[in-house]
Each structure stands twice: as C-alpha cells, then as structure tokens.
Amino acid sequence: MKILITNDDGINSPLLKKLVIIAKQFGEIYVVAPDTQRSAVSHGFTYTRPVCLKEYSIGVENVKSYACDGLPADCVRVGIGSIVPGGPDLVLAGINNGFNIGADIQYSGTVAAAMEAAFVGVQAIAVSLASNGFSETVDEYLPMLLKECIEKPLARNQVWNINFPECTLAECGGIRRNCAVSNDLFYDDGYMTEDVGDGKTAYSIVARRIWNATPGTDLAAIVENCIAVGIVNNIG
C-alpha cells in the first residue's frame, strides 16, 4: 500500500513519528504535515494563496516527508494530488495529542484531514490519544486496529475514528467497537478576562470536563478507560 500520513499537531510531533513507525508494516509511507501547530482548525482550506512544501526529515528511514505551511486538509489535498505517485491507497491522520470524540470532532484538524481524504474517495483513519496520555496502549493495540480498519473499507465520505484512553495499559478496559459519536454535553466553557492595555481585554477560554456519557458512545468508552472505535460521517 501507499500510505499518506498527516496530523494537526505539526511535523515535529513525536506522536506523528510513532504513527509512521507503526504504519510502515503496512506499506510505503509518505508524510505531508503542517510545519507548526494547527490544532482546532477544523476543515479549513487554503485557496487565497499557494501552499508551500519543504522536504523535512522526521528521522525515520525510507520515508519521504514534507512540512507544509497550510492546514491539515491542505496537506491531504496536495499529498494526494502531487506527492504520492499515483495517489495513496490510505490516509492516516494523527496520532493527535488529545481526544477527538463527541462535539470536539467538529473542531478537529485531525479528523478533518481524514474527512478530506474520504471526500475525494481515499480510505482514511483518524487516530487520537489523551493529552499527556499513556502511549503504551497505542503500542499494544494500534497495529491490530489499523489492520482491522484497513480490511473494512467504508463508504465514500466515512472515516474510521480511533481514540485511546488516558490510562496505563494495565488499566485499559479493552476495545469498544461501533461507538456512536456522543451528543452529550462535553465541556462547561467560560472565559477569564484580563486588561492587557491599549483599551484591549483578553479573553482566555477555561474548560471544565462534563463526562456524563450515554452508553455506546465514544465518550462513554473513554470515560471507562476503553479504546473507542467508530465511524464519522463526512458531509456529502
């Protein structure tokens, strides 16, 4: 397989490198990832200027990688159309530093990158891990889950979404498949204000978790220290 990998945390993310190393067992890897942090940009797309790419080593042998000054969706579009010879068979987005479940999916550059691939007919999988989470669960389960998802291609405009919990491998409750996207209230958001001079007031978001999850959802799986695997539907 020819596999294109991207993320929204930037090309220097150690979790991107981890995904590349794991994915090498499935085929030939190409990386096009943002040159800096691009989290929470959703499905933004650059069309008012060209996007620029530069070859960039991520420290993994036999992997062609590029830093892009655009957004995650840009990385996928240019990667599919101009970087991977003949186009990729699969797009992987991640591993994101933080969950992409419930309402957060609408903000996610990671899931948006996978959706961009699905939009043009390429199979795609998004992978996320709790912020400051324990990657040993990724090491243990991700190779098996990637194989499983690769062997179950979805309809056009659908992507697999995999989230790993915030716990050790010993604490992990296993895999919850067919998780629905949670509609439960996820955060209680507010803002702190600060006078920063020149007549300006800065508003900094403060978010408190509300994790009352409906059974069968991605949020419920994460709350119970399980790996959440489900399908996200693109528009179209």
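Where a number appears in this text, it was derived from the coordinates with a stated rule and is not lab data. Every value quoted in this text rests on a predicted model; they were computed, and no experiment measured them. Using ideal geometry, Cβ is built from the backbone for each residue, glycine included, and neighbour counts are taken over all protein chains shown.
Scaled against the 2.2 N^0.38 Å expected of a compact globular protein of N residues, the Cα radius of gyration of segment 112-203 reads 1.52. Less than 5 angstrom separates the built amide H of residue 90 from those of 2, 4, all sequence-distant by 5 or more or on a different chain.
Please report Rg over Rh for the chain, where both radii come from the alpha carbon positions and Rh follows the Kirkwood definition.
Numbers: Rg = 17.7 Å, Rh = 18.0 Å.
A ratio of 0.98.
Along segment 179-189 the Karplus relation, 6.51 cos²θ - 1.76 cosθ + 1.60 evaluated at θ = phi - 60°, assigns HN-Hα couplings of 6, 6, 6, 5, 9, 6, 5, 9, 9, 9, 9 Hz to successive residues, with x for each Gly and Pro. Within segment 28-79, all pairs of alpha-carbon atoms sorted by distance into 10 Å bins from zero give the percentages 27, 53, 19, 2. The GNM of the chain, with springs linking C-alpha atoms under 10 angstrom apart, assigns the highest mean-square fluctuation among 85, 153, 143 to 85.
Among the GluC sites (Glu not before Pro) within segment 26-69, those in coil by DSSP and having at most 13 neighbouring Cβ atoms inside 10 Å are 61. Helices of the chain meeting both criteria, an alpha-carbon length of 18 angstrom or more along the long axis and an average Kyte-Doolittle score not below 0.0, with helices taken as full DSSP H segments, are 136-150.
Comparing mean-square fluctuations of 122, 111, 223 from a GNM of the chain with C-alpha springs under 10 Å, the top value falls on 223.
Under the combined filter of DSSP loop state and at most 10 neighbouring Cβ atoms within 10 Å, segment 105-189 retains these GluC sites (Glu not before Pro): 151. Calculate for the chain the 222 nm mean residue ellipticity that helices alone would give, adding -39,500 (n - 2.57) per DSSP H run of length 4 or more and normalising by residue count, nearest 500 deg cm²/dmol. Computed mean residue ellipticity for the chain: -6000 deg cm²/dmol.
Between residue 187 and residue 200, the simple label model (points 7 Å from Cα in the Cβ direction) yields a spacing of 2.2 nm. Where the alpha-carbon atoms of segment 71-145 are placed on the principal axes, they occupy 36, 27, 16 Å, in descending order.
What is the percent of Cα-Cα separations in segment 135-186 that go past 12 Å? Could the numbers behind the result be given before it?
Details: 945 of 1326 pairs.
Value for segment 135-186: 71 percent of Cα pairs lie more than 12 Å apart.
What's the FRET efficiency of residue 152 with residue 37 using the Cβ-Cβ distance as r and R₀ = 25 Å, to the nearest 0.05?
0.20
Which three semi-axes in whole Å describe the equivalent ellipsoid of segment 1-100, each the square root of 5 times a Cα gyration tensor eigenvalue, listed largest first? Walk me through the numbers before you get to the answer.
On the way: eigenvalues 70, 50, 29 Å².
Those come to 19, 16, 12 Å.
For segment 151-228, the Cα-based Rg and Dmax, in that order, read 18.2, 58 Å. Close amide H partners of residue 10, meaning residues 5 or more places away or on another chain with modelled amide H under 5 Å apart, are 38. Phi angles of segment 158-166 translate, via the Karplus equation with coefficients 6.51, -1.76, 1.60 and θ = phi - 60°, into HN-Hα couplings of 10, 10, 7, 10, 10, 10, 9, x, 9 Hz per residue; Gly and Pro are given as x.
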